[in-house]
Amino acid sequence: MKVKVLLAIKAKPFFRHAAAWWLGCWILVIVVAWLLAPQLKRGRTPTYLDVYGVILLYSVLTIIGPEKSSFKLSLQYGVSRRNYTLMMILFQLMNALFLAVLLLGGCQIFNSINSLVQLQFLQGIALQASWWENLSLIVLESLAYSSLTVLLLTLTDNFIWGKYVLTAIFGVWLLGVNEIVGWVTSKTDIFMQIGRFLEHTDHETRICVILAMLLAITLIFMGLTFVSNHFRVIKKQNNL
Amino acid sequence: MSLQIKHLNKKYKKPVFTDLNLELVPQTIYGLLGRNGVGKSTLLNIISNRIFANSGEVLLDGQIVKNNDLALSQIFLMSEDNLYPQSTKVKDLWKMSASFYGQFDWDLAQDFAQQFDLDTSKKLRSLSTGYRTIAKMLTALCVPCEYIFLDEPILGLDAANRETFYQALLKAYAHQPRTFVIATHIIEEIEQILEKAIILNHGRIISQGDVEEITASVKLVQGPKAAVTALVSDQQILESKEFGNMMTVYVHNLTAKKIPSEIEIKNVDLQTCFIRLTKGEEVNES
């Protein structure tokens, strides 16, 4: 019981700090999306990079930011690795939910600018896909990006250079992965099937399926975070 | 509530500690002394759960400290590294510390801030190196933990602020007696406020106990070369120097009973004692 109370007390500043990060990230992502909109209006065909660029920016900032500063704070204030890991899982769950809200909100923003832009933006991933198909694809893949970010970050374990190295890795990886994702989705059709199912099912089932997907992703996050934190080794205390 | 370190082993590429054992008793001011790179910071980081030992245990009141939030809430480490968000204002840093530890001593903190002329509305980023150290150090003095570890707490402080720090430390101790462990290289200045000292060298404790006991264990023997040589021939010599016919020898645990009248034996201060013990060990090893 005492540990739970202690965790609750200790978690508060972390969440406050993370909330500031999230707010900053939201603003940045919305600005980027806003800057992107006029280009789309002029008729440029949106690419994977347009969509993934925004998601990537969001994922890297929202994961690396709180992770970096929260880990430092957890060291300073004597938070055990176990409770730190639990807090990070909560961060990531909230992050996933925020991202879903952001994407839905983003659609509305684009819609208010130009209904065609919204259509083009979302159909940048799969031109013939529906709104639900695209959304499920974006959410799932962005969460996959976030998972990998967490994993890479905790494995690199150098907070000073880690984020720059990661950004570079992601930049290169992004260019290649678009093709791979495109190929996989065209072959397996899994995201399309999820999207089609969501489109043709009733609203309650749709909500349940999305929540189940988020839960599944959270479990993946949990596993990744536990594993990566377990193997987190601070090689040089100067890097703390 | 004592803090015990049992059979601690830690190695990076080379071993830092091998079977290190130590007990820190409550409400005592310790000095943790050691030359550069002997593992003072590593030891403090292990105690405070920042890094993990390869084997061994740190126990607080019989409870393992590693990954134990309750035990860790009684331990605070002010380290050289800055782990606070740089954009945090000093007063917000204290609020944050209060929310983590509960009974943060606000009155004492404000009092110290005035003494050091620290502007608490400034962000850490905008403070000078010295004032950043002061902000971190005042945080450490005002958190309600039983064990406060200060790693180089006077780094970057001028002489006047160092003096104020020593007074502040004693005031914080008098206000709420706790165990303070100060790792520092400025031994001469801090000797007066230390009750006990721990001297680390090559990954092991070469001397520990009351400061008076440690300083009493090293004696400076001066006199004619022949007489001094005869006296210390079966003693543990830490260092010797010759000036013509005269000889000066630092001896550890002098056991001679009869001291010839032409020989002078002097006590040494903690810094001299520390230098001779650490250098003497290297001489003996070589």
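Summary of computed values
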{"quantity": "Relative contact order (%) - criterion: Cα under 8 Å, at least six apart; region: chain B", "calculated": "19"}
{"quantity": "By average C-beta atoms within 10 angstrom, highest first, the peptides B:106-118, B:61-73", "calculated": "B:61-73, B:106-118"}
{"quantity": "Flagged links, alpha-carbon separation over 21 Å, of B:10/B:279; B:40/B:266; B:6/B:66", "calculated": "B:10/B:279; B:40/B:266"}
{"quantity": "Shielding by other protein chains, B:88-96, mean Cβ within 10 Å", "calculated": "2"}
{"quantity": "Residue B:21/residue B:216 FRET efficiency (R0 22 Å; Cβ-Cβ; nearest 0.05)", "calculated": "0.45"}
{"quantity": "Under-19-angstrom lysine pairs by C-alpha in the range B:79-210, whenever the two are 8 or more apart or on separate chains", "calculated": "13"}
{"quantity": "Solvent exposure of chain B as accessible area per residue, Å², 1.4 Å probe", "calculated": "44"}
{"quantity": "Pair residue B:64, residue B:87: separation of 7 Å Cα→Cβ label points (nm)", "calculated": "3.9"}
{"quantity": "Extension gain from residue B:171 to residue B:234, taking 0.36 nm per residue of separation minus the Cα-Cα distance", "calculated": "18.1 nm"}
{"quantity": "Residue-averaged [θ]222 nm for chain B, counting only DSSP H segments that reach four residues, each worth -39500 (n - 2.57)", "calculated": "-10500 deg cm²/dmol"}
{"quantity": "Local electrostatic count at residue B:3 - Lys and Arg +1, Asp and Glu -1, tallied over other residues with Cβ under 9 Å", "calculated": "-3"}
{"quantity": "Residue B:14 paired with residue B:52, simple spin-label distance in nm, labels 7 Å along Cα-to-beta-carbon", "calculated": "2.6"}
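The values are calculated or read from the model by the stated rules, or taken from the named source; none is laboratory data. These figures come from a predicted structure and were not determined experimentally. All Cβ positions, glycine included, derive from the backbone under ideal geometry; neighbour counts span all protein chains shown. When the accessible area is computed, the model is the full protein with side chains, heavy atoms only, and any ligands, DNA or RNA have been set aside. Shrake-Rupley method; radii C 1.70, N 1.55, O 1.52, S 1.80 Å.
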